[in-house]
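Participant: The structure under discussion is supplied below as structure tokens; questions concerning it will follow.
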Amino acid sequence: MNIAVIGLGLIGGSLAKGIKARTSNTVYGLDINEETMLLARLCGAIDGELNDDNLPQCDIILVALRPADAVRWVEENAAKISRDAAVIDMCGVKRTVCESISAIAEKHGFAYIGGHPMAGKERGKFINAADTLFVGAPMILTPDHRTTPQLLETLEKLFTDIGFARMVYTTPDEHDRIIAYTSQLAHIASSAYVKSPEAQRQRGFSAGSYRDMTRVAHLDEDMWTELCMSNADYLTEQAELLAAHLQEYIGALRDRDENRLRELFRDGREKKATAGGN
């Protein structure tokens, strides 16, 4: 197959590298950064630059851009996309993106599925991309009434080949509701946590807990602002719930209520055991 990857940052670059390292597909890449394009060609992550001549020949188009940019690129290039092709975006929010791109795809006759690879690093850009980034990770897809079983089979094989452990099928609404808790809230909490004055004096006093809590505070504020604002309703609910739970701990500490604090810790431990995960 001919596969296009739009945006060769951490996610797009890792997709391109993974496809080239683990499959026999041809990859055409596109990025606004000329240095990134040069690096991608030199390291073999792409076979060539995506252009108006080869875009119509692409079977799968992976759009790894920020939400507004992803919608804009698909809209501007829709007429050049083959009716036999499938477009999959890699955005971290789905409702706004899927609604917009679905309408464009239906108008022009090509297939579209929203996607979200559940893997990443706190440092982005192509230089940090790796063909192993997605090994063991879930891939979320949001098929709709136009999605065929054949397309899902093709995508499952592609994503499994480059290391994804399983496909998770959901709706854009469910995706955004859950991702508000599992991803976006974690970034807000980490950003708020690291603002304590003690963060400047932690050297020699910190270990794994501090590293885990602060890792994702090293973020791209422009990208995460766009993601969070696009999901502000669900994220507000989760942030308010977290604040309410923190108030319970604060109350127990303020009252020097040892039994209450123990109960709160026990409840958290038991909920973690029930929830599972890493």
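The values are calculated or read from the model by the stated rules, or taken from the named source; none is laboratory data. Please read all numbers here as calculations on a predicted model, not as lab measurements. All Cβ positions, glycine included, derive from the backbone under ideal geometry; neighbour counts span all protein chains shown. Heads up: the accessible areas ignore ligands, DNA and RNA and are worked out on the full protein's heavy atoms, side chains in. Shrake-Rupley method; radii C 1.70, N 1.55, O 1.52, S 1.80 Å.
Participant: State the antiparallel share, in %, of DSSP beta bridges confined to the stretch 1-144, rounding to the nearest 5.
Facilitator: About 15 percent, rounded to the nearest 5.
Participant: Let me ask something additional. I'd like the distance separating the alpha-carbon centroids of the stretch 144-201 and the stretch 222-256, in whole Å.
Facilitator: 19 Å
Participant: Charges only on Cβ, +1 for Lys and Arg, -1 for Asp and Glu: so what's the dipole of the stretch 152-252 about the Cα centre, in debye to the nearest 20?
Facilitator: 680 debye
Participant: Further question on the same structure: How big is the dipole moment of the stretch 113-160 about its Cα centre under a simple scheme where the beta carbon of each Lys and Arg is +1, that of each Asp and Glu is -1, and everything else is neutral? Debye, nearest 20, please.
Facilitator: Roughly 200 debye, rounded to the nearest 20.
Participant: What net charge is computed for the residues neighbouring Y28, neighbours being all others with C-beta under 12 Å from the C-beta of Y28, Lys and Arg scored +1, Asp and Glu -1?
Facilitator: Residues near Y28 contribute -4 overall.
Participant: Now for a separate question. Name the residue farthest towards the positive end of the dipole of the chain from the options A207, H187, Y28, assuming +1 on Cβ of Lys and Arg, -1 on Cβ of Asp and Glu, about the Cα centre.
Facilitator: A207
Participant: Still on this structure, I have one more. Nearest-5 percent of antiparallel DSSP beta bridges in the stretch 60-181?
Facilitator: Taking every DSSP beta bridge within the stretch 60-181, about 25 percent pair in antiparallel fashion.
Participant: Can I ask one more? What's the magnitude of the charge dipole for the chain around its Cα centre, counting Lys and Arg as +1 and Asp and Glu as -1 at the beta-carbon? Answer in Debye, nearest 20.
Facilitator: Rounded to the nearest 20 debye, it is 1040 debye.
Participant: Residues of the chain: accessible area per residue at 1.4 Å, in Å²?
Facilitator: 56 Å²
Participant: Would you calculate, for the chain, the mean residue ellipticity at 222 nm contributed by helices, counting each DSSP H stretch of 4 or more residues as -39,500 (n - 2.57) and dividing by all residues, to the nearest 500?
Facilitator: -15000 deg cm²/dmol
Participant: Carbon-plus-sulfur fraction of the accessible area of the stretch 25-111, 1.4 Å probe, in percent?
Facilitator: Here it works out to 45 percent.
Participant: A further question on this structure: Over the chain, with a Gaussian network built from C-alpha contacts below 10 Å, which listed residue (A119, A199, A105) shows the highest mean-square fluctuation?
Facilitator: A199
Participant: Further question: For the chain, what is the percent of antiparallel DSSP beta bridges, rounded to the nearest 5?
Facilitator: Of those bridges, close to 15 percent are antiparallel.
Participant: Work out the charge dipole of the chain with +1 on the Cβ of Lys and Arg and -1 on the Cβ of Asp and Glu about the Cα centre, then indicate which of Y169, M139, G276 is farthest towards its positive end.
Facilitator: Result: G276.
Participant: Right, here's the next one. Work out the charge dipole of the chain with +1 on the Cβ of Lys and Arg and -1 on the Cβ of Asp and Glu about the Cα centre, then indicate which of L242, G13, C228 is farthest towards its positive end.
Facilitator: L242
Participant: Let me ask something additional. Which residue fluctuates most in the GNM of the chain (Cα springs below 10 Å): N51, N259, N128?
Facilitator: N259
Participant: Classify the chain from the C-alpha gyration tensor, please: rounded if a/c falls under 1.5, else prolate or oblate depending on whether a/b exceeds b/c.
Facilitator: prolate
Participant: Follow-up question, since we're still on this one. Looking at the chain as a GNM with Cα springs under 10 Å, which of A16, A103, A243 has the largest mean-square fluctuation?
Facilitator: A243
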